[in-house]
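These notes concern the structure reproduced below.
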């Protein structure tokens, strides 16, 4: 149960999550959400519309919300914003956030261009909550940089294929990171279905002690509702 950490994590749909930790409300990539408590921190992984949604950010902005995002997003945000690149860290209160590279290696468009190239600055995030870690991978394939999240308590991993890892690839990422708990994301909205999440769960669960949860939208992973 990852030290009870997962009870503070709510899936908002697609790649969006809210996390309550250390007295802070954190949102990651909110998209098509109904809003919620005002954010202390909003983390954005990259500038694609389904991750950097101005409309959704406006719904959860508070008077002192701190936005953390790659440069391509930060330059479009007004108000308190921190530009972050892979390998960099920022602290908000007692919460430490580290950006981890996120990019494609084999997902290409009709012109043969990667949807998320390595030089685009896209990131995932490792949140360190007093020694316990939550990893949100962002839009990525299996890449060496995700080893920085090895041993995370919770790993939030895309499974829909096309633009991100397939269920098979995400299961490989889970084996590589070896979290206590893995949660499939990036399905059910633009691309991917619950079948992808279930396929990931079936393959990833083979890895012994790894637990996989497939939450409903708005459901806290620990079993409580938002």
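Just a few scattered comments:
- In the range 158-205, the qualifying residues are those that are under 17 Å from residue 106 (Cα atoms) and in contact with a strand residue (DSSP E or B) (Cβ under 6 Å, 6 or more places away or on another chain), and the one that is surrounded by the fewest Cβ atoms within 10 Å (Cβ to Cβ) is 173.
- In the range 114-126, the residues that are free of Cβ contacts under 8 Å to residues at least 40 places away in the same chain and over 18 Å from residue 166 (Cα atoms): 118, 119, 126
- Scanning the range 177-194 turns up no residue that is assigned to a helix (DSSP H, G or I), at pLDDT below 95 and closer than 15 Å to residue 142 by Cβ.
- From the options 113, 104, residue that is under 28 Å from residue 188 (Cα atoms), modelled with pLDDT of 95 or more and surrounded by fewer than 19 Cβ atoms within 10 Å (Cβ to Cβ): 113
- Subset of the range 92-101 [at pLDDT below 95 and more than 14 Å from residue 69 (Cβ to Cβ)]: 93, 94, 95
- Across the range 213-222, a minimum of one residue is classified as assigned to a strand (DSSP E or B) and under 23 Å from residue 36 (Cβ atoms).
- Strands (runs of 3 or more DSSP E) fully within the range 15-92 counting 3 or more residues that are free of Cβ contacts under 8 Å to residues at least 60 places away in the same chain and under 17 Å from residue 127 (Cβ atoms): 66-69, 89-92
The values are calculated or read from the model by the stated rules, or taken from the named source; none is laboratory data. Since this is a predicted model, take the numbers as computed values, not measurements. Because the Cβ atoms are built from the backbone with ideal geometry, glycine has one as well, and the counts that use them run over all protein chains shown.
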